[in-house]
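Asks: Can you read through this structure? Questions will come right after.
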Amino acid sequence: MNPAQQPVYEDQTELADVVAQLRTRPPLVFAGECDDLRTQLAAVARGEAFVLQGGDCAETFSGVTASNIQNKLRTLLSMAVVMTYAAQVPIVKIGRIAGQYAKPRSKDTETRDGVTLPAYRGDAVNGFDFTPESRRNNPRRLLETYNASSATMNLARALLTGGFADLRTAHSWNADFVRSGPVNERYLQLVQEIERALAFMVSCGMDDEAMHTVDFFSSHEALLLDYEHAMTRIDSRTRTPYDVSGHFIWIGERTRQIDGAHVEFLRHLRNPIGIKLGPTTTAKDALALADKIDPDREPGRLTFITRMGAGKIRTNLPPVIDEVMASGRLPVWVCDPMHGNTFTTEGGVKTRAFSDVADEVQGFFDVHDKCGTWPGGVHVELTGDDVTECVGGVGELGEGDLDQRYETACDPRLNRNQSLELAFTVAERLTDGRIRRSNPVQAFVPASF
Ligand code: PEP
Ligand code: MN
């Protein structure tokens, strides 16, 4: 079916009314910000910066609360601090946030105790509750998606420019950690080191604006074409189309058919674009997608987000990288260590093992080391809360612990401890790479006089 993964609405007049309203709504992001992100991603492609992309698998309308948004931002900011200190290159921070409300599903229906209902496709489409009324596709939810994204973006912008992201407050981002432990200790030690360095710089007269605020971008999977199309505007400066529902949008593994509607739609947009690449991707597939989405080979335009699985990345990724690089292209390579590592426990709970997630990240660095390419970033499903959805990590969460706080509306996310632990794993590889890099790319280079 083409377009793939689209909800069918009973009432087309209602849908048309919603789309017409969305067309008149103000943009959630500005085209110029999308251009900035493209420029920053071009630096990533050249090996001069690293991407941290993360957030919920599926945001929910009820999850749009101040504390929820703050916790997610805090988690991303603390991870970014850990990585910046290690890599000594800028970390480009992109939330899976303010628009991640629609999910592709492998099955159209769900059966529980003999009752079959349409599958939950994300709050943008239908409700999570297992009742016929809730599971009905409702186009009005697209307006609610806009409102929820708008409220989230508004708070994120206010917090990040209003002092929340000030490096001097980094020690407090984890202050309310429920289960403090070794990861938190390690974080606090690192922050103390950073504070000493900052104090030194300030004493020397350097107190730059960059210490008080951060760049932050929004992203989501561009799945629902009715919504994304309605949120596309012609930029007055350049007369070109931007999807102003988010800064960065990506095409999922299930909707990246080369002749499919999603590829056709996204290729016309000026936003930086991500494409997920699963374990069966061939170099030919990747090159065909690159030619279609980025025919002009524009720096920063194209990000490949690989999600091969811990057991497959070391064998399946190298041929793809080798041929893409041989074609002279320079995409951003990002590792999604989540979607190739999902499994169901004997008790029937969908989960992921922290050890698999960390292993795919290690494999990603190994492969790029071998190919001589820059491992450009990580893409993680995480939450700022102390949930119990993925097993393992320093807290050694077991399968029996999963029901304590299993709150995701879709895939299992890393909790705050596990996210921070993953950041340290990434940081170790980045430090290692920095020390071994013959031509360091970081802006600060020691000199002799
Ligand atoms: C996702 O990112 O939530 C997702 C569905 O990923 P993928 O398209 O890689 O399966
Ligand atoms: Mn997911």
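Asks: Can you pull out every residue in segment 150-170 that is within 30 Å of Leu190 (Cβ to Cβ), crowded, with 16+ Cβ neighbours inside 10 Å and not β-branched (Val, Ile, Thr)?
Replies: Once the filter is applied, which keeps residues that are within 30 Å of Leu190 (Cβ to Cβ), crowded, with 16+ Cβ neighbours inside 10 Å and not β-branched (Val, Ile, Thr), segment 150-170 yields Met153, Leu155, Ala156, Leu159, Leu160, Phe164, Ala165, Leu167, Ala170.
Asks: Looking for whichever is surrounded by fewer than 17 Cβ atoms within 10 Å (Cβ to Cβ) and within 30 Å of Pro299 (Cα to Cα) here; the options are Glu323, Glu346, Glu360. Which one fits?
Replies: Residue meeting the stated conditions: Glu323.
Asks: Can you tell me how many residues in segment 210-248 are among the hydrophobic types (A, V, I, L, M, F, W, C) and within 19 Å of Leu73 (Cα to Cα)?
Replies: Here the count works out to 6.
Asks: Only one residue in Thr388, Thr351 is away from ligand 2 (no atom under 14 Å from the Cβ) and crowded, with 18+ Cβ neighbours inside 10 Å. Which one?
Replies: Thr388 is the lone residue from the list that is away from ligand 2 (no atom under 14 Å from the Cβ) and crowded, with 18+ Cβ neighbours inside 10 Å.
For (1) at pLDDT 90 or above; (2) among the hydrophobic types (A, V, I, L, M, F, W, C); (3) within 22 Å of the chain's Cα centre (by Cα), each residue gets a yes or a no:
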{"site": "Ala148", "(1), (2), (3)": "yes, yes, yes"}
{"site": "Ala151", "(1), (2), (3)": "yes, yes, yes"}
{"site": "Ala156", "(1), (2), (3)": "yes, yes, yes"}
{"site": "Leu159", "(1), (2), (3)": "yes, yes, yes"}
{"site": "Phe164", "(1), (2), (3)": "yes, yes, yes"}
{"site": "Asn174", "(1), (2), (3)": "no, no, yes"}
{"site": "Phe177", "(1), (2), (3)": "no, yes, no"}
{"site": "Asn184", "(1), (2), (3)": "no, no, no"}
{"site": "Leu188", "(1), (2), (3)": "yes, yes, no"}
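Asks: Here is a follow-up. Which residues, taken from segment 22-58, are among the small types (Gly, Ala, Ser) and more than 16 Å from ligand 2 (Cβ to nearest atom)?
Replies: Ala31, Gly32, Ala42, Ala43, Ala45, Gly47, Ala49
Asks: Which of the following residues is under 20 Å from Glu428 (Cβ atoms), in contact (Cβ under 8 Å) with a residue 12 or more places away in the chain and more than 16 Å from ligand 2 (Cβ to nearest atom): Asp322, Asp369?
Replies: Selected residue: Asp369, the only one of Asp322, Asp369 that is under 20 Å from Glu428 (Cβ atoms), in contact (Cβ under 8 Å) with a residue 12 or more places away in the chain and more than 16 Å from ligand 2 (Cβ to nearest atom).
Asks: Any chance you could count how many residues in segment 327-343 are crowded, with 23+ Cβ neighbours inside 10 Å and of a type in the set (Phe, Trp, Tyr)?
Replies: Residues meeting the conditions: 1.
Asks: For segment 379-408, give me the residue count where each residue is of a type in the set (D, E, K, R) and touching an Asp or Glu at 6+ places or on another chain (Cβ under 8 Å).
Replies: Total satisfying the criteria: 6.
Asks: So which of Thr152, Thr169 ends up being more than 16 Å from ligand 2 (Cβ to nearest atom), polar (S, T, N, Q), free of Cβ contacts under 8 Å to residues at least 40 places away in the same chain and not in a loop (DSSP other than H, G, I, E, B)?
Replies: Thr169
Asks: If you take the residues in segment 363-385 that are more than 16 Å from ligand 1 (Cβ to nearest atom) and assigned to a loop (DSSP other than H, G, I, E, B), which one is surrounded by the fewest Cβ atoms within 10 Å (Cβ to Cβ)?
Replies: That would be Gly372.
Asks: Quick one: which residue in Leu41, Leu52, Leu28 is away from ligand 1 (no atom under 16 Å from the Cβ), in contact with a helix residue (DSSP H, G or I) (Cβ under 9 Å, 6 or more places away or on another chain) and modelled with pLDDT of 95 or more?
Replies: Being away from ligand 1 (no atom under 16 Å from the Cβ), in contact with a helix residue (DSSP H, G or I) (Cβ under 9 Å, 6 or more places away or on another chain) and modelled with pLDDT of 95 or more holds for just one of Leu41, Leu52, Leu28, which is Leu28.
Asks: Which of the residues spanning segment 63-118 are of a type in the set (D, E, K, R), within 16 Å of the chain's Cα centre (by Cα) and within 16 Å of ligand 2 (Cβ to nearest atom)?
Replies: Lys72, Arg96, Lys103
Asks: Answer yes or no: is there a residue in segment 39-49 that is in contact (Cβ under 8 Å) with a residue 40 or more places away in the chain and either of a type in the set (Ser, Thr, Tyr) or touching an Asp or Glu at 6+ places or on another chain (Cβ under 7 Å) (or both).
Replies: The answer is yes; a qualifying residue exists.
Asks: List pairs: first in segment 94-106 and more than 9 Å from ligand 1 (Cβ to nearest atom), second aromatic (Phe, Trp, Tyr), Cβ under 7 Å, 6+ apart or cross-chain?
Replies: Ile94/Phe217; Ile94/Phe248; Gly95/Phe216
Asks: Mind checking which pairs have a first residue in segment 338-350 that is outside any loop (DSSP other than H, G, I, E, B) and a second that is among the polar types (S, T, N, Q), Cβ under 8 Å, 6 or more apart or different chains?
Replies: Between residues of segment 338-350 that are outside any loop (DSSP other than H, G, I, E, B) and residues that are among the polar types (S, T, N, Q), the close pairs are Thr342/Thr351; Phe343/Thr351; Thr344/Thr351; Lys350/Thr342; Lys350/Thr344.
Asks: Given the criterion free of Cβ contacts under 8 Å to residues at least 24 places away in the same chain, surrounded by fewer than 20 Cβ atoms within 10 Å (Cβ to Cβ) and of a type outside the set (A, V, I, L, M, F, W, C), identify the matching residue among Asn147, Asn137.
Replies: Asn147
Asks: Just to be sure I understand the filter: pairs with C-beta atoms under 7 Å, separated by 6 or more residues or on different chains, first member in segment 373-397 and more than 21 Å from Ala58 (Cβ to Cβ), second member charged (D, E, K, R) and crowded, with 20+ Cβ neighbours inside 10 Å. Which pairs pass?
Replies: Gly393/Glu421; Val394/Glu421
The values are calculated or read from the model by the stated rules, or taken from the named source; none is laboratory data. Keep in mind that what you see is a predicted model, and the values were worked out from it rather than measured. A quick note on method: Cβ atoms are made from the backbone with ideal geometry, for glycine too, and the neighbour counts reach across all protein chains shown.
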